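The values are calculated or read from the model by the stated rules, or taken from the named source; none is laboratory data. From a predicted model like this one, the values you see are computed outputs, not experimental measurements. Every residue, glycine as well, gets a Cβ built from its backbone with ideal geometry; the counts of neighbours run over all protein chains shown.
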Amino acid sequence: MANRSQAPAAPSHGSSSTPLLQGGWLTRGEEGRFSAYLPRDGEVVRWTEETDGGWSGPVSLGGDGLTPFLAVGQGADRYVHLVGLRPTAGGEGHVELVHSVQFQTGRPAVAWRSLGHSNGKGPWTGNPAVAVDAQGRVYAFVRNGGGGLSVRAQKDAGGWHPWWDLHGWSTDPSPVAMVNGQGRVELLTATDKGLLRYVQEESGAKPVRQDVVPADVTFGTLAAVTGPSGHVTLFYRDKDGGIRAWSPGRSLEPTRLADAVGTGRLSATRCLIDGFDCTVLAQQSEGGRLALAAYPSEQEDAGAQWSETGEARGAQTTVLTRGLDGRLVAMALVEGRTLITTRQKAAAEGLLLEGWRSIG
């Protein structure tokens, strides 16, 4: 039997209808209003924040038989890119990646388009991750049948490059795709040997695999932020129950920040706390509550302390982001059904949150 900390996540096309979410599935439009996206009943549905602070939805964005998986990425132009998995003919469990984009808050998304799969035809091999570079080009990554990574990227003049094999082995089924301060794409993941980073050496180029950094990583716990220096920092749970930060661009070796409060995936973002740029982490505690920890961005030597918020609930999938005013915004999907959200209190000292409320 596989070690629990190394066991892959269950395929998203399995019998469970519980949504599996990757990336920033809570997005902010140019005008500051938020949108939330979920795969449901073979399609993607969206809730939209209204000008009075209420929410409308859900509204269907189509999908034509999608599995209960969705990866979301947003570019500097605020366009929202959706990447899903859809069953294909030719074999039980075979899937392809499909892509759609929403250009404005509350507006319809364009028709879904097939991106195929790096293996041509075959079963689920991993959960895609999506990033959008400074030029608005989309990169859809997925673990391939060999256990390494492959990516399909948009061209400058429209259309898509063929699948690029980035190589690798035994990687985490749920990698993290980010854009650094240079506007270039990075893919961060783990293997049974340690941490693995793929990075573009020039804009639009094929990401290049770097050497593995030895580390004991719990698969399925990765989260990342791009810091004020423009470098990406990856967070993960190690096998000893600690939360660690790794930032190769800053020459930061895997550094312990705190003890983990749970075993599940982390979420991360940056926001303003008392006027200072801080990084915030979230993880569901063993007791079922959401726990937050914050520290001054890129000052890992300060460590981080957890503080639990809200009620104990069932399984939660959490996403963190920030509003136009720099305050933290959090949303959680509870038991695969109910969306709840909260914000950092205005003009309050420290990281204090408003009460959680349901939007759908």
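Points to keep in mind about this one:
- Restricting the range 244-268 to residues that are of a type in the set (D, E, K, R) and surrounded by fewer than 20 Cβ atoms within 10 Å (Cβ to Cβ) leaves a set whose member that is nearest to Pro228 (Cα to Cα) is Arg250.
- Listed here are the strands (runs of 3 or more DSSP E) enclosed by the range 160-243 that have at least 1 residues being surrounded by 15 or more Cβ atoms within 10 Å (Cβ to Cβ) and of a type in the set (S, T, N, Q): 185-190, 223-226, 232-237.
- The set of residues in the range 108-131 being of a type in the set (Val, Ile, Thr) and crowded, with 24+ Cβ neighbours inside 10 Å consists of Val130 alone.
- Whichever residue in the range 230-262 is of a type in the set (Ser, Thr, Tyr) and touching a strand residue (DSSP E or B) at 6+ places or on another chain (Cβ under 9 Å) and, among such residues, is farthest from Asp172 (Cα to Cα): Thr255
- Boolean, Gly62 is closer than 22 Å to Leu166 by Cβ, in contact (Cβ under 8 Å) with a residue 40 or more places away in the chain and of a type outside the set (Lys, Arg): no
- A residue that is of a type outside the set (Phe, Trp, Tyr), modelled with pLDDT under 95 and more than 21 Å from the chain's Cα centre (by Cα) occurs somewhere in the range 335-347.
- Restricting the range 293-334 to residues that are acidic (Asp, Glu) and within 24 Å of Trp47 (Cβ to Cβ), the residue that is farthest from the chain's Cα centre (by Cα) is Glu311.
- Ala153 being of a type in the set (A, V, I, L, M, F, W, C), assigned to a loop (DSSP other than H, G, I, E, B) and either out of contact with any helix residue (DSSP H, G or I) (no Cβ under 8 Å at 6 or more places or on another chain) or over 20 Å from Ser247 (Cα atoms) (or both): no
- Which numbered condition Cys271 misses (of (1) surrounded by fewer than 18 Cβ atoms within 10 Å (Cβ to Cβ); (2) more than 23 Å from Arg137 (Cα to Cα); (3) of a type in the set (A, V, I, L, M, F, W, C)): (1)
- Qualifying residue in the range 102-117 (condition: within 29 Å of Thr191 (Cα to Cα), part of a strand (DSSP E or B) and either modelled with pLDDT under 95 or under 18 Å from the mean Cα position of the chain (by Cα) (or both)): no
- The requirement of being in contact with a strand residue (DSSP E or B) (Cβ under 7 Å, 6 or more places away or on another chain), hydrophobic (A, V, I, L, M, F, W, C) and free of Cβ contacts under 8 Å to residues at least 60 places away in the same chain is fulfilled nowhere in the range 116-130; no residue meets it.
- Out of Glu31, Glu92, Glu50, sole residue that is surrounded by fewer than 16 Cβ atoms within 10 Å (Cβ to Cβ), more than 21 Å from Tyr139 (Cβ to Cβ) and in contact (Cβ under 8 Å) with a residue 60 or more places away in the chain: Glu31
- Residues that are within 16 Å of the chain's Cα centre (by Cα) and not in a strand (DSSP E or B) were ranked within the range 66-77; the one that is surrounded by the fewest Cβ atoms within 10 Å (Cβ to Cβ) is Gly75.
- Number of the condition not met by Glu349 [criteria: (1) closer than 24 Å to Gly53 by Cα; (2) without any contact (Cβ under 8 Å) to a residue 60 or more places away in the chain; (3) among the acidic types (Asp, Glu)]: (2)
- Candidate set: the range 140-158, residues that are within 20 Å of the chain's Cα centre (by Cα) and among the aliphatic types (A, V, I, L, M); chosen: the one farthest from Arg113 (Cα to Cα): Leu149
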